[in-house]
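Asks: Starting off with a structure, shown below.
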Amino acid sequence: MNNLFDLTGKVALVTGGEEGLGADAVVAYAEAGADIAIIGLEIEDLNNMKNKIESLGKKCIVLECNVSHEKEVKNAIQTIYDYFGHIDILLNNAGISMFGGVEDLTEEEWDREFDVNVKGIFLVSKYVVPIMKKQNYGKIINVSSINAKIADKNDAFIRHAYNASKSAVLGLTKGMACSYARYGINVNAVGPGLFESAMTKDTLMKSDRFLHIYTEMCPSARVAKKGELNGTILYFSSSACDYVQGQFIIVDGGTSIV
Ligand SMILES: NC(=O)c1ccc[n+]([C@@H]2O[C@H](COP(=O)([O-])OP(=O)(O)OC[C@H]3O[C@@H](n4cnc5c(N)ncnc54)[C@H](O)[C@@H]3O)[C@@H](O)[C@H]2O)c1
């Protein structure tokens, strides 16, 4: 029987894959057989990931690139394409999260949130989609959030720009899925619940109050364990999802069930 989840021979591009959930996905991709391209901000972390992936016997190219800057994105995608000759999987993972509501956020903070979380996906996809169209093959996975579906009820944890940006990711996912399905490209989204990472470790994960609220609301009664997003990402990256378009799977132990 063919292994539906085998990624041997594929090239997976992960944005912000030098740490956190992106780095976990990079390792999962390599273990499933893919070669790797990572674009991100932190050169030391990028180089560490390159060493890690090469030690697993896979090729890896890493590039410093801000996903909000079109010129950098265009050059990075061209370099990756020149190096591998194809890009089969795109995990649009890079993201930032700012606390505050509409009364507190500055215009600059609001714009920055959208520049990374939404415009970043637009720009990277803008240069990867034509490659995937030529290949008549591609899997695009956009990282949204549980916070696209539910908002924090407690004032201490409100993130209005984050809620809005992660909801926008879902609209973009649906639009892209409708436009590119006919070119053999699948576009879907994942919504992590609460995972420990640089984004959460000094804020949400440090708050007993938040952890209490989250685990009370979570039927699985716990935060996520490291790596628990990988199965859903691998599913959307593999031929197991060839007939799945524009879908959103939330990986949160059931926290968002209403
Ligand atoms: N950790 C969670 O609980 C959680 C929950 C829901 C959604 N998410 C989403 O998962 C994704 C990964 O988050 P994480 O928790 O691993 O956070 P993280 O802060 O550990 O990782 C974010 C990554 O994005 C990169 N990045 C940030 N801005 C960038 C830019 N302008 N250009 C290029 N790269 C950039 C960072 O360098 C980093 O590698 C994000 O989209 C986040 O919103 C995380």
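The values are calculated or read from the model by the stated rules, or taken from the named source; none is laboratory data. Everything numeric here is computed off the predicted structure, so don't read it as measured data. Cβ atoms come from the backbone with ideal geometry, glycine included; neighbour counts cover every protein chain shown. These area figures cover heavy atoms from the full protein model, side chains too; ligands, DNA and RNA do not enter into them. Shrake-Rupley method; radii C 1.70, N 1.55, O 1.52, S 1.80 Å.
Asks: Considering every residue within region 148-160, establish whether at least one is within 13 Å of the chain's Cα centre (by Cα) and among the basic types (Lys, Arg).
Replies: Checked against the condition, which is being within 13 Å of the chain's Cα centre (by Cα) and among the basic types (Lys, Arg), region 148-160 yields no hits at all.
Asks: For region 188-209, give me each residue that is within 11 Å of the ligand (Cβ to nearest atom) and surrounded by 16 or more Cβ atoms within 10 Å (Cβ to Cβ).
Replies: 189, 190, 191, 192, 193, 194, 195, 197, 199, 200, 204, 205
Asks: Can you tell me which residue is surrounded by the fewest Cβ atoms within 10 Å (Cβ to Cβ) among those in region 51-65 that are more than 11 Å from residue 30 (Cα to Cα) and more than 14 Å from the ligand (Cβ to nearest atom)?
Replies: Per the stated criteria, the residue is 51.
Asks: Let me spell it out: the conditions are (1) within 20 Å of the chain's Cα centre (by Cα); (2) more than 10 Å from the ligand (Cβ to nearest atom); (3) outside any helix (DSSP H, G or I); (4) of a type in the set (A, V, I, L, M), and residue 27 meets all of them except one. Which number is the exception?
Replies: The one condition residue 27 does not meet is (3).
Asks: Moving to a separate point now. Residues being within 21 Å of residue 96 (Cβ to Cβ), assigned to a helix (DSSP H, G or I) and touching a helix residue (DSSP H, G or I) at 6+ places or on another chain (Cβ under 7 Å): count how many of those fall in region 52-71.
Replies: 1
Asks: List, please: which pairs have Cβ atoms under 7 Å, are six or more places apart or on different chains, and start with a residue in region 1-28 that is open to solvent by 30 Å² or more (accessible area, probe 1.4 Å) and end with one that is part of a loop (DSSP other than H, G, I, E, B) and away from the ligand (no atom under 16 Å from the Cβ)?
Replies: 4/238; 5/32; 5/238; 6/32; 6/33; 8/33; 10/34; 10/88
Asks: In the set 248, 236, which member is surrounded by fewer than 18 Cβ atoms within 10 Å (Cβ to Cβ), within 16 Å of the ligand (Cβ to nearest atom) and in contact (Cβ under 8 Å) with a residue 24 or more places away in the chain?
Replies: Answer to the selection: 248.
Asks: Search region 145-156 for residues that are under 15 Å from residue 195 (Cβ atoms) and pair each with any residue that is among the polar types (S, T, N, Q) and open to solvent by less than 50 Å² (accessible area, probe 1.4 Å) when their beta-carbon atoms are under 6 Å apart and the residues are at least 6 apart or on different chains.
Replies: 146/256; 147/163
Asks: Same structure, new question: Can you run down the residue pairs with Cβ atoms below 6 Å, 6 or more apart or on separate chains, where the first is in region 31-49 and under 15 Å from residue 234 (Cβ atoms) and open to solvent by less than 10 Å² (accessible area, probe 1.4 Å) and the partner is within 13 Å of the ligand (Cβ to nearest atom) and not in a strand (DSSP E or B)?
Replies: 36/26
Asks: Another question, then. Tally up the residues in region 78-137 that are among the aliphatic types (A, V, I, L, M) and within 11 Å of the ligand (Cβ to nearest atom), please.
Replies: Residues flagged as among the aliphatic types (A, V, I, L, M) and within 11 Å of the ligand (Cβ to nearest atom) within region 78-137 amount to 9.
Asks: Between residues in region 215-231 that are within 20 Å of residue 5 (Cβ to Cβ) and residues that are surrounded by 13 or more Cβ atoms within 10 Å (Cβ to Cβ) and aliphatic (A, V, I, L, M), which pairs lie under 8 Å by C-beta distance while being six or more apart or on different chains?
Replies: 227/28; 228/251; 229/21; 229/25; 229/190; 229/251; 230/25; 230/28
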